[in-house]
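Heads up, the thing below is written out as C-alpha cells.
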Amino acid sequence: MGLSALRRLSAAAVLSLATALPVMAESLADTMVAAYRHSALVEQSRAVLRAADEDVATAVAALRPVLQWAASHSVSKPEDSSSSRSSSLSLGMEMTLYDWGRSQIAIDAAKEQVLATRQALVGVEQDIILAATISFFDVRSALEQVALMENSVRVIGQERQAARDRFEVGEITVTDVAQADAQLAASRAQLVAAQGDLEIARENYMAATGRQPGTLAAPPPLPTLPANVDAARAVAQRNHPSVLQAQRSAAAAELGIAAARAERNPTLSGSVAAQVQRGLTQGLGGGLGEYRTQRGLSAGVNLSQTLYAGGRLSASLRKAMANRDQARATLLNVSRQVSQEVGTAWANINVARAQISAIDEQISAAQQAYDGVREEATLGARTTLDVLDAEQALLEARADKITAEANLQLAHYQLLAAMGLLTVEHLNLGIPTYDPSQYYNAVRNAPASSRQGESLDRVLRAIGRD
C-alpha cells in the first residue's frame, strides 16, 4: 500500500472516530469556570487590589530616607563690575527619625484597606459566578420552553387538521375550524416568543462566559443546605464578603481617627547634605579670573510641631469621626441586607418546592382531563374548543413546572451567594485561583530594585498569565 493511500486511510479513521465520539455537554461547573476566567470585571477588581497593595508600600516608604540631588549653574554681570559664573552640585538625604506613631498608623490603615479590597474582589467573583449560573439555567429553561411550544404547535396542528376533516363530513361547523385556526396561530406566536427568549438567554450566556452555549448538561445535585434559616444567616455573617469588607472599612475608619489625632504630634527628622561649588570671576579688562572650588558637608536634626493651623487639624479630626460613624452604619446596613438576602433565598427555595409539588398534581390532572376530553370529542360529546382549552391548560402547567424547577435550582445558588460560599474554593471547581497575597508580599516593603525588584517582575508576569 502506498504512502498516500495510508494517509487517506488514517484520515478516514480519525474522521470516523471523531464522528463516533459523543459531544461532551457543558456542565454548570464548566460555565462557572469560563465566567471566572473570562470576566474583565474580575481583572479590573484585581488591579484595584494591586493599587491598594501599593498604598501599603507608600506608607512604609514614609519611614525611609529620601535621597535627592540638585545641580545649578548661574552667570551674573552687574553694571561696571566684573562678571562671575558659578556651578554647584549637591546631594542630600532626609529621613523621619520619629513621628510619635503617625507613620505606623498610616501603615496599619493601609493594611486594613487592603483586606477590605480583598473582600471586595471576592464579592465580585461571587457576582460573576452567580451571573453565569443564572445564564446557565436561563438557557436550559428557554430550550425546554421552545421544545414544549414546538410540541404544542405540532399537536394543535393535528387538532386543526382533524377539525377540518370533521368539517368536511359535516360533523362540526366552520366556527369550530376557526377556533382551531386561532389556537394554532396563538401557539405559533408563543413559539416565536420562546425562541426570542432563547436568543436573549444565549446572548446573556455569551456575555457571562465569553462563548456561545453548546449542549448543556443536566444540573448537578442540589447543594446541601444548613439545618435552618438561622444557621444560614449565621454562616452569612461570618463569611459574606460584603460583611467582611464593611468590618475592615470600619477598622480603617477607627485608625483614621487615630491618624487625625497624631497629626498634632511633633516630628523629629534628620538630614545630611554634601555640596560642591565651583566659581569663576572675570575682570573688567577681560582677563581670566580664578576658579575657586568649595566643598561642604552638613548634617542636622529638626524637631517641629504644628501649634495652630487655622482649625484644619480640628476639622480633620471631626471628619475622621464622621467617617467612622458612616463606616459603622454601613456595616450595620450591610449585615441587615445580607440577612435579608439569606431569608429571601430560603423562602424562594420553599416556594419553588411547594410549587413543583402542586404543579405535578396539576399536570397529572390536566393530562387526564385532556385525554378524556379528546376521547369524548371523538364521540361528539365535546367540541373542538373544549379539546383546545384542555390542551392549553396542560401546556401551561408543563411550562410552569419548567420555570419552577429552574427557580428551585437557582434559589439554592442564590442562597450560597448570600452565605458567601459561591466561590471557586467552596464549589471545588478545580482550577487555579488568583492569590491576592502574592503581589502584596512582593510590594509591601516597597521594593525598588535588585532581588526584590526581580521578584516583583516575576509576580507581574505570573499575574499576566493568570
**Fill in**
Checked the range 128-182 for anything farther than 30 Å from Gly210 by Cβ, small (Gly, Ala, Ser) and either surrounded by fewer than 21 Cβ atoms within 10 Å (Cβ to Cβ) or touching a Gly at 6+ places or on another chain (Cβ under 6 Å) (or both); matches are Gly157, Ala162, Gly170, Ala178, Ala182
**Fill in**
Within the range 389-399, residues open to solvent by less than 70 Å² (accessible area, probe 1.4 Å) and more than 19 Å from Ala194 (Cβ to Cβ) come out as Ala390
**Message:** Can you confirm whether Asn350 is at positive phi and out of contact with any His (no Cβ under 7 Å at 6 or more places or on another chain)?
**Reply:** no
**Of residues in the range 300-342 being open to solvent by 90 Å² or more (accessible area, probe 1.4 Å) and not in a helix (DSSP H, G or I), the one nearest to Ala262 (Cα to Cα)** = Gln305
**Prompt:** So, in the range 185-194, of the ones that are in contact with a helix residue (DSSP H, G or I) (Cβ under 9 Å, 6 or more places away or on another chain) and either modelled with pLDDT under 90 or open to solvent by 40 Å² or more (accessible area, probe 1.4 Å) (or both), which residue ends up nearest to Ile156 (Cα to Cα)?
**Reply:** Ser187
**Complete:** Within the range 260-279, of all residues that are in a helix (DSSP H, G or I) and open to solvent by less than 30 Å² (accessible area, probe 1.4 Å), the one nearest to Trp100 (Cα to Cα) is Ala262
**Request:** Would you tally the residues in the range 365-379 being open to solvent by 30 Å² or more (accessible area, probe 1.4 Å), among the aliphatic types (A, V, I, L, M) and either assigned to a helix (DSSP H, G or I) or modelled with pLDDT of 90 or more (or both)?
**Result:** 2
**Request:** Could you pull out the residue among Leu422, Leu415, Leu408 that is modelled with pLDDT of 90 or more and not in a helix (DSSP H, G or I)?
**Result:** Leu422
**Selected residue (criterion: farthest from Pro447 (Cα to Cα)) from residues of the range 65-86 that are open to solvent by 70 Å² or more (accessible area, probe 1.4 Å) and either modelled with pLDDT under 90 or in a helix (DSSP H, G or I) (or both)** = Asp80
**Asked** Based on what the data block shows, is Gln438 open to solvent by 20 Å² or more (accessible area, probe 1.4 Å) and farther than 23 Å from Val342 by Cβ?
**Response** yes
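Here's the yes/no breakdown for (1) open to solvent by 80 Å² or more (accessible area, probe 1.4 Å); (2) under 23 Å from Tyr36 (Cβ atoms); (3) among the aromatic types (Phe, Trp, Tyr):
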{"position": "Gly196", "(1), (2), (3)": "no, no, no"}
{"position": "Arg202", "(1), (2), (3)": "no, yes, no"}
{"position": "Ala207", "(1), (2), (3)": "no, yes, no"}
{"position": "Gly210", "(1), (2), (3)": "no, yes, no"}
{"position": "Pro213", "(1), (2), (3)": "no, yes, no"}
{"position": "Thr224", "(1), (2), (3)": "yes, yes, no"}
{"position": "Ala234", "(1), (2), (3)": "no, no, no"}
{"position": "Gln237", "(1), (2), (3)": "no, no, no"}
**Request:** Quick one: count up the residues across the range 87-106 that are β-branched (Val, Ile, Thr) and buried (at least 19 other Cβ atoms within 10 Å of the Cβ).
**Result:** 1
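The values are calculated or read from the model by the stated rules, or taken from the named source; none is laboratory data. Quick caveat: nothing in here was measured; it's all calculated off a predicted structure. Here the Cβ is made from the backbone with ideal geometry for all residues, glycine too, and neighbour counts use every protein chain on show. To get the accessible areas, we keep the full protein, side chains included, count just its heavy atoms, and leave off ligands, DNA and RNA. Shrake-Rupley method; radii C 1.70, N 1.55, O 1.52, S 1.80 Å.
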